[in-house]
Structure formats: C-alpha cells, structure tokens
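Notes to accompany the following structure.
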Amino acid sequence: MGSTTPRVLSIQSHVVRGYAGNRCAVFPLQTLGFEVDFINSVQFSNHTGYTTFKGNKVGENELHELYQGLKLNQVAEYSHILTGYVADVDFLRELANIVKDIKTNNDGVVYVCDPVLGDNGAYYVPRELANEYRSRILPLCDILTPNQFELGELTQMEVKTEKDAVGAIQRLHDLGVPVVVLTSAKFTDKPEITCIASRQKDKSLLKVVIPWKESTFVGTGDLLAAMILAWTTKEPSLEKAVLKALNIVQGILKETLEFSKGLK
C-alpha cells in the first residue's frame with residue numbers, strides 16, 4: 001500500500017435513522033485514524049426492531065460492480081476488511097470472492113468478520129448462511145467475533161457453559177481462524193455476560209465478565225467488531241486490545257443510558 005494510514009473496506013448494513021452496521025463502525029474507526037471505504041449490504045430506513053422498516057437489500061451483482069469500479073481505478077488497496085450483516089447467500093458468496101481477491105493482491109490484509117446469524121437461540125438471517133460462513137468465510141478470516149448463538153451454529157457444537165465455549169473456540173482455531181472473540185455469552189442466571197478472546201499463535205486467552213445492563217441496545221456487536229479491528233491493530237497484546245475495545249463500548253452504553261433518561 002502507498003500510505004501508512006490503515007484503510008478499511010467495511011461491508012455491512014446501513015440504516016438512515018439510528019446506529020447499526022456501517023453507521024456504528026465507520027465514524028468510530030475514523031476517529032481512531034483509519035480511512036474507511038464502505039459498501040452497504042442493505043439500506044433500510046431504520047433497524048428491523050421497529051414496527052416497520054423500508055428499504056432494500058443490495059444484490060450480489062451490485063456488490064460485484066462496486067468492487068470492480070474500485071479495482072479499475074486502482075484504489076482497491078486495503079490493510080483491513082470488516083464485514084457484518086449479510087442478508088442472503090449469493091451476496092455472501094460474492095463477498096467471499098472480494099475478500100479473497102483483496103488478500104491475494106495486498107500483503108498482510110487483516111480480515112475481521114462479525115458472522116451475523118442471530119442471537120438468543122434464533123436466526124434472523126436465512127439458516128443456510130451458516131454453511132456458507134463455514135465453507136467460504138472461515139478459511140479467509142483472521143479475526144472472528146461471534147456471539148454465543150453464532151459460535152454454536154458455526155461449530156455445530158452446544159455452547160451452554162464456559163467450558164463449551166472454550167471448546168468451540170478451539171474448534172474454530174482448528175478450522176484455521178487465528179483469533180476468536182466471543183463477544184457475548186450468558187452462562188448463568190447472574191446479571192452478567194461473558195466475553196472470551198483467544199489467539200491460537202501464542203495461546204492467549206482472556207475472559208471478561210461484564211455487568212448486564214437492563215436495557216435494549218442495537219448495534220453493539222457492530223461497534224465492538226470495529227473496535228476490535230482498531231485496537232488489535234494498535235496494540236500487540238490481545239488482552240489489552242480487547243479490554244480497550246470493551247471499555248469503549250461499555251462507555252458508550254453508559255452514556256446512552258444516561259442520555260435516554262432525559263428523554264422520558
């Protein structure tokens with residue numbers, strides 16, 4: 001790459017109102033010194049938790065055309081790739097082709113994948129996407145950031161306890177994923193969630209228990225994946241990088257809760 005400034009290609013969702021997907025990832029990365037080019041996998045009026053939403057999914061042909069435009073203008077040079085919400089199989093297949101092409105033509109590209117499948121035991125994308133992630137994305141991925149449900153679906157293992165989670169993470173390492181960050185898991189009835197980060201190369205393993213906030217947030221996983229990308233770039237210690245990323249997200253959630261009190 002011609003510049004020392006890290007440049008990210010972020011491919012994930014977009015909402016006009018609110019913060020999710022690229023709306024959560026781009027600005028925080030920019031404030032930390034990253035240049036960010038982004039492609040929206042969907043463009044919705046608002047997140048899907050509202051009573052209704054309008055908008056459209058971006059097709060695989062449009063994704064291909066956008067990337068070809070970057071290549072033809074010789075500006076498809078990236079240090080990082082970040083991907084999140086994908087709505088259908090064909091789009092994910094084309095995304096995998098793009099990741100493979102970028103990694104082939106740029107040395108040292110780091111691919112951070114948030115494998116958005118669902119949460120709390122339920123899918124909110126087509127189930128067949130899990131197979132596509134396993135076969136096409138995991139072999140390309142440098143850092144994977146699943147939640148508890150996604151970890152189980154990707155490894156086809158039960159993840160109900162901390163021991164289960166560590167075993168499933170090792171399974172991902174065995175499949176070739178160098179770094180796995182389990183972003184959120186609930187193993188007990190206590191008001192807390194657990195994050196586990198693991199790096200195969202040096203056997204780094206970090207567990208962080210976070211107090212549960214009694215509220216509903218959207219986009220936290222998207223923000224956390226972006227911050228993990230940022231801080232694993234800036235900080236060689238996986239433990240320090242993940243702790244910094246978590247602290248940023250928790251700080252934003254705290255500020256959001258405080259702000260929301262004034263709206264009632």
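The values are calculated or read from the model by the stated rules, or taken from the named source; none is laboratory data. Keep in mind it's a predicted model, so treat the numbers as computed, not measured. Neighbour counts are summed over all protein chains in view; Cβ atoms, including those assigned to glycine, are modelled from backbone coordinates with ideal geometry.
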Is it the case that some residue within region 123-130 is out of contact with any Gly (no Cβ under 7 Å at 6 or more places or on another chain) and either over 25 Å from Gly59 (Cβ atoms) or part of a helix (DSSP H, G or I) (or both)?
yes
Could we say that Asn120 is under 20 Å from Leu223 (Cα atoms), polar (S, T, N, Q) and modelled with pLDDT under 95 here?
yes
When you scan region 240-254, do you find a residue that is part of a helix (DSSP H, G or I), among the small types (Gly, Ala, Ser), within 22 Å of Cys141 (Cα to Cα) and touching a residue at least 12 places away in the same chain (Cβ under 8 Å), even just one?
yes
If you go through region 64-101 one residue at a time, how many are under 24 Å from Tyr123 (Cα atoms), part of a helix (DSSP H, G or I) and among the hydrophobic types (A, V, I, L, M, F, W, C)?
5
Here's a check for you: in region 19-50, which residue that is at pLDDT below 95 and either more than 23 Å from Glu62 (Cβ to Cβ) or touching a Cys at 6+ places or on another chain (Cβ under 7 Å) (or both) is surrounded by the fewest Cβ atoms within 10 Å (Cβ to Cβ)?
Gly49
Determine whether region 130-137 contains at least one residue that is at pLDDT 95 or above, of a type outside the set (D, E, K, R), loosely packed, with under 14 Cβ neighbours inside 10 Å and closer than 22 Å to Cys195 by Cα.
no
Residues of region 68-78 satisfying the condition of being surrounded by fewer than 22 Cβ atoms within 10 Å (Cβ to Cβ) and either within 18 Å of Leu140 (Cα to Cα) or polar (S, T, N, Q) (or both)
Gln68, Asn73, Gln74, Ala76, Glu77
So, of the residues in region 94-109 that are polar (S, T, N, Q) and more than 10 Å from Glu77 (Cβ to Cβ), which turns out to be farthest from the chain's Cα centre (by Cα)?
Thr104
Would it be correct to say that Ser3 is among the hydroxyl-bearing types (Ser, Thr, Tyr), closer than 27 Å to Asp107 by Cα and at pLDDT 95 or above?
no
